[in-house]
Amino acid sequence: MKKPPQDLSQLLHQNGQLPNIAEKAELLLHLDHYVKQVLTGPVSKQLKVANLRQGVLVIETTTAAWAARINFQKAKILQQLQAETLPMLSAIEVKVNPSLFLYATKSKQNHNEISKTAAEHIEALAEHTEGSLGLKLKRLAALASRSRQS
């Protein structure tokens, strides 16, 4: 007989390395969020907390210019982290990782909006279309004009 599958939460909390890895990943996510709050502005979008090993926090950034900006604020970050989160933290290391640029969060554009010109074209098409498709096109054009008003 085969054993039934185990719940993922049970696997994470059993003995072995998986619970340690999950715990470290959560810690790194928390530290990433915290460091980005301490470093406000555009620099916060250009960094990622990569690792914490032997009391050294490793921060990666996309370019050497951003690394220099972070290095200027290293003492402030270290002091706040030691006071509020990690008293055992001894240093911060900043590394340049250009591949981070590929994963950097880009501003999301709202693709749900229709331009005024597109709405006019849809309205003209709806006038020449019969049935349920014509009604749906008219509603779509009306929706475009409503979203512009709000």
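The values are calculated or read from the model by the stated rules, or taken from the named source; none is laboratory data. These figures come from a predicted structure and were not determined experimentally. Methodologically, a virtual Cβ is constructed for each residue, glycine included, from the backbone with ideal geometry; neighbour enumeration extends over all protein chains shown. For the accessible areas, the whole protein counts, side chains as well, though only heavy atoms, and no ligand, DNA or RNA atoms are used. Shrake-Rupley method; radii C 1.70, N 1.55, O 1.52, S 1.80 Å.
The table below gives the values:
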| read-out | value |
| --- | --- |
| Any hit, the stretch 21-36, residues being β-branched (Val, Ile, Thr), within 18 Å of the chain's Cα centre (by Cα) and in a helix (DSSP H, G or I) | yes |
| Unmet criterion (only one of (1) touching a residue at least 24 places away in the same chain (Cβ under 8 Å); (2) loosely packed, with under 11 Cβ neighbours inside 10 Å; (3) over 19 Å from residue 25 (Cα atoms)) for residue 72 | (1) |
| Some residue of the stretch 109-121 being among the hydroxyl-bearing types (Ser, Thr, Tyr) and modelled with pLDDT of 90 or more | no |
| Subset of the stretch 19-40 that is open to solvent by 40 Å² or more (accessible area, probe 1.4 Å) and either in contact with a strand residue (DSSP E or B) (Cβ under 6 Å, 6 or more places away or on another chain) or under 23 Å from residue 101 (Cβ atoms) (or both) - its residue that is modelled with the lowest pLDDT | 40 |
| Which numbered condition residue 57 misses (of (1) open to solvent by 10 Å² or more (accessible area, probe 1.4 Å); (2) under 22 Å from the mean Cα position of the chain (by Cα); (3) free of Cβ contacts under 8 Å to residues at least 60 places away in the same chain) | (1) |
